[in-house]
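This report refers to the structure that appears directly beneath it.
The values are calculated or read from the model by the stated rules, or taken from the named source; none is laboratory data. Since the structure is predicted, the reported quantities are computational estimates derived from the model, not experimental observations. When we count neighbours, we look across all protein chains shown, and the Cβ atoms used for this are built from the backbone with ideal geometry, even at glycine. Please note that ligands, DNA and RNA were not included when accessible areas were found on the heavy atoms of the full protein model with its side chains. Shrake-Rupley method; radii C 1.70, N 1.55, O 1.52, S 1.80 Å.
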Amino acid sequence: MAAKMTMEWYAVRVRVGQEDQISASVKGRFISAAQEELLDRIFIPSEKVSDVRDGKARVIKRKVFPGYIYIKVVMSEEIRLLIVETPGVSGFVSTQPYKPEPIPEEEMKKLLDAYDRIDDSVRPKIEFEVGEVIKIKEGPFENYEAVVDEVFPARGVIRVSVNIFGRTAPLELEVWQVEKV
């Protein structure tokens, strides 16, 4: 090939919940078309989060951007068609139809630094916001309502204010000890 081969990252819209299957299909299509040297990598940003359901703690792998995959390829019209004709793919994230725009390297580096880890660290799933009213479901203040004052996602803890005997008292609770009202 006389043209310089430049691998660049592109964002691709796919069917939500099928990111892994569509990623495998895209890889398979590159292999079938004998173009695998033009595909460097497919990346699906995800993180492990802990969740409590029915009183049982479990760890789930959550997609950070559901409905999107990131692909590093040497782009051409043939490669664009190979990708968009994959079942479940709805197109590239771009301002111009039929002309995929690469993601700037600095932006992709930030995304890879944040979510491309091998470590098995688990983040607590926190769905609470400051000012929200919650109900304490375990401990000495069970069934009391409280207001969220602060959220500490890294620790899986929230600080709340509870009205006890006419006075407000601050408490730190783990997220599994509370529920939304």
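In the neighborhood of residue 94, defined by Cβ-to-Cβ distances under 12 Å, what is the net charge if each Lys or Arg adds +1 and each Asp or Glu adds -1?
Working: positive: 13, 80, 99; negative: 101.
Surrounding charge for residue 94 is +2.
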Among all the lysines, which ones have a C-alpha under 26 Å from residue 109's C-alpha, if same-chain residues fewer than 8 places away are not counted? 4, 27, 48, 61, 63, 72, 99, 125
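By how many nm would the segment from residue 7 to residue 161 grow when fully extended, if each residue of separation counts as 0.36 nm and the alpha-carbon distance is taken off? Display every interim value, and only then the final one.
Details: separation 154, 0.36 × 154 = 55.44 nm, distance 5.25 nm.
Difference between extended and current length: 50.2 nm.
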Please calculate the 1.4 Å probe accessible area of residue 7, with all protein chains present, and give it to the nearest 10 Å². 60
The local net charge around residue 27, scoring Lys/Arg +1 and Asp/Glu -1 for residues other than residue 27 whose Cβ lies under 14 Å from its Cβ, equals -2
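May I have the convex hull volume per residue, in Å³, for the Cα set of the chain?
Working: hull volume 27.9 nm³, N = 181.
Cα-based convex hull of the chain, divided per residue, equals 154 Å³.
I'd like the FRET efficiency for residue 20 and residue 84, computed as 1/(1 + (r/R0)^6) with the beta carbon distance as r and R0 of 25 Å, rounded to 0.05.
Values: r = 19 Å, r/R0 = 0.75.
My answer for the efficiency is 0.85.
Please report the projected area of segment 122-181's Cα convex hull averaged over all directions, in nm².
Details: hull surface 15.0 nm².
For segment 122-181, averaging the hull's shadow over all directions gives 3.8 nm².
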With Cβ to Cβ distances under 9 Å as the rule, what net charge do the other residues near residue 136 carry (K, R +1; D, E -1)? -2
Which value, in debye to the nearest 20, gives the size of the charge dipole of the chain about its Cα centre, when Lys and Arg are +1 and Asp and Glu are -1 at the Cβ? 300
By accessible area with a 1.4 Å probe, ligands and nucleic acids excluded, highest first: order of 20, 149: 20, 149
Which of 131, 103, 65 sits closest to the plus end of the dipole of the chain, meaning its Cα is farthest towards the positive end, when Lys and Arg get +1 and Asp and Glu get -1 on the C-beta? 65
How do 176, 9 rank by accessible surface area computed with a 1.4 Å probe, from largest to smallest? 176, 9
